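The block underneath contains the structure these notes are about, expressed in structure tokens.
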Amino acid sequence: MKPFILAALTLLLATPAIALSCMRPDAVQLYEAARDSDDTYVVVRGRIDLSEPAQAPEPETEMPAITKAVMSGYALTTHGFGALFHRKIEIRATCLGPWCGSADGFVREQIAMLRVDNNDVYTLMAGPCGGQAIEWSKDGESRLLECHRTGNCVAAE
């Protein structure tokens, strides 16, 4: 009986560590999720400037915290990141139990999947395991473009 109790306690104590061990998606995985979604997405490479302080979501709730921002850069076209993009966006930070996403993490150039709703609101989701944007890298962009152009979609290892 003692080994069973010890194993159960170990499992309970390890749960927070397991929850935080989520892997952030890479550029190809984000692209494939947006491409295969029933929603409409615009893929953008650029910088995000917060137009207000980042709002923090309330842990243990399902209500996102919405932060207004502006994203400037280039949208993906059939030929690559070639269409100028400069729009107001909403960053929706969400929680998974006590772990929350934030609008604060977008300090460098990003590759972002912006969901576009019927009212032309561009939304970027930010969860505890990343969300729908990652920091730009030459390799990530190259693999995303290869996937977009040829259908040969290889995620980072």
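The values are calculated or read from the model by the stated rules, or taken from the named source; none is laboratory data. Values in this document were obtained by computation on a predicted structure and should not be read as measured data. Cβ: placed from backbone, ideal geometry, glycine included. Neighbour counts: every protein chain shown. Quick note on the areas: whole protein, heavy atoms, side chains included, nothing else; ligands and nucleic acids left out. Shrake-Rupley method; radii C 1.70, N 1.55, O 1.52, S 1.80 Å.
Things worth noting here:
- Rounded if a/c under 1.5, otherwise prolate or oblate - the stretch 55-116, Cα gyration tensor axes: prolate
- Distance between modelled label sites at residue 156 and residue 22, nm, 7 Å Cα→Cβ extension: 1.8
- With the whole protein complex present, residue 74 retains an accessible surface near 90 Å², based on a 1.4 Å probe.
- The C-alpha atoms of the chain define a longest principal axis, and helix 138-150 lies at about 70 degrees to it.
- A cut-off of 5 Å between modelled amide H atoms, ignoring neighbours fewer than 5 places along the same chain, links residue 136 with 109, 110, 111.
- Value of Rg/Rh across the chain [Cα atoms, Kirkwood radius]: 1.07
- Selected from 52, 90, 32 as most flexible by GNM, with the chain as the system and alpha-carbon contacts under 10 Å: 52
- The C-alpha atoms of the chain define a longest principal axis, and helix 27-36 lies at about 80 degrees to it.
- With K and R counted +1 and D and E -1, the other residues having a Cβ less than 13 Å from that of residue 52 yield a net charge of -1.
- Mean ellipticity per residue at 222 nm, deg cm²/dmol - from DSSP H runs of n ≥ 4 across the chain, formula -39500 (n - 2.57): -8500 deg cm²/dmol
- Helix 2-19 vs. the chain, principal-axis angle (Cα, 0 to 90°, nearest 10): 20
- Charge dipole of the stretch 68-157 about the Cα centre (unit charges at C-beta), most positive-ward option of 73, 118, 151: 118
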